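The values are calculated or read from the model by the stated rules, or taken from the named source; none is laboratory data. The structure presented is a predicted model; accordingly, all values stated were derived computationally and were not measured. Neighbour counts run over all protein chains shown; Cβ positions are idealised from the backbone, glycine included. Remember, those area values only see protein heavy atoms, side chains included, never the ligands or the DNA or RNA. Shrake-Rupley method; radii C 1.70, N 1.55, O 1.52, S 1.80 Å.
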Amino acid sequence: MRTAICPGSFDPLTNGHLDVIQRATKLFDRVVVAVARNESKQPLFDLEERIHLTQRAVGHLRGVEVDAFDGLLVEFAERVNAQAIVRGLRAVSDFEFEFQLALMNRNLDERVETIFMMPKDTYTYLSSRMIKEIARLGGDVTPFVPANIKLALEAKFRTLP
Ligand code: ADP
């Protein structure tokens with residue numbers, strides 16, 4: 001049984017994340033989407049909301065689970081018996097940070113490999129930060145996120161001041 005984790009804040013999940021998760025399911029029997037608590041990033045959606053929204057968005061994918069994590073990523077990987085961490089690479093700008101993160105994780109635990117996957121080219125410019133900004137300003141995010149995320153963004157910005 002080959003298992004990978006796809007970690008991130010998923011605040012919220014976008015079609016870019018979904019694309020990478022889907023690609024990971026072609027290589028692994030089991031893919032655990034690991035939603036980081038990340039309170040320091042002051043997420044728009046709290047952990048429970050992000051888990052719930054992500055679960056709904058990946059519900060159609062076989063072999064995909066959603067779990068929360070807090071603390072060291074490699075420890076979470078060991079806990080769920082994952083052999084690999086899958087991260088998405090959008091552009092050269094992602095590379096520097098991702099490279100450092102991958103090498104640090106390897107230092108912490110040599111047994112866990114990091115794999116990078118490129119999303120479909122039309123998703124390479126997508127980021128959760130930009131999606132939140134578009135939604136906050138009343139723009140249409142339909143092409144960029146699953147339907148349940150779009151509804152959640154609209155509801156969130158209706159209730160926020
Ligand atoms: P983090 O807080 O770890 O940056 P994100 O939720 O923003 O969390 O990203 C999680 C992972 O998804 C990272 O590997 C990131 O590079 C990748 N990712 C984010 N947006 C996209 C996208 N549009 N296409 C492909 N990968 C993406």
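Quick notes
- Label point distance in nm, Y125-D70, each placed 7 Å from Cα along Cα→Cβ: 3.8
- Largest to smallest accessible area among K120, K26 [probe 1.4 Å]: K26, K120
- Summed over the residues of the chain and divided among them, the accessible surface reaches 57 Å² per residue at a probe radius of 1.4 Å.
- Value of [θ]222 nm, deg cm²/dmol, for the chain, DSSP H segments ≥ 4, -39500 (n - 2.57) each, nearest 500: -13500 deg cm²/dmol
- On Cα atoms only, tilt of 15-27 relative to the major axis of the chain in degrees: 30
- Euclidean distance between Cα centres, region 70-131 to region 20-43, Å: 9
- Most fluctuating residue given options F97, F144, F69, as computed from a GNM of the chain linking Cα atoms under 10 Å: F97
- Region 3-124 shape via C-alpha gyration tensor axes, a/c threshold 1.5: rounded
- Backbone amide hydrogens, once placed in the peptide plane, bring C6 within less than 5 Å of V32, V33, A34, V86, excluding anything fewer than 5 places away on its chain.
- In Hz, Karplus ³J(HN,Hα) per residue of region 107-120 (6.51, -1.76, 1.60; θ = phi - 60°; x = Gly, Pro): 5, 6, 7, 5, 7, 9, 8, 9, 10, 9, 10, 8, x, 3
- Highest GNM mean-square fluctuation among R62, R50, R90, for the chain modelled with Cα contacts below 10 Å: R62.
- Each peptide in 147-156, 98-107 receives the mean, over its residues, of other Cβ atoms within 10 Å, and ordering these scores from highest gives 147-156, 98-107.
- Over region 3-124, relative contact order from alpha-carbon pairs under 8 Å, at least 6 apart, %: 32
- Across the accessible surface of region 58-161, with the other protein chains kept in place and a 1.4 Å probe, carbon and sulfur atoms take up 56 percent.
- The residue list L103, V86, A135 was ranked by how far each Cα lies along the charge dipole of the chain toward its positive end, using unit charges on Cβ atoms, and A135 comes out on top.
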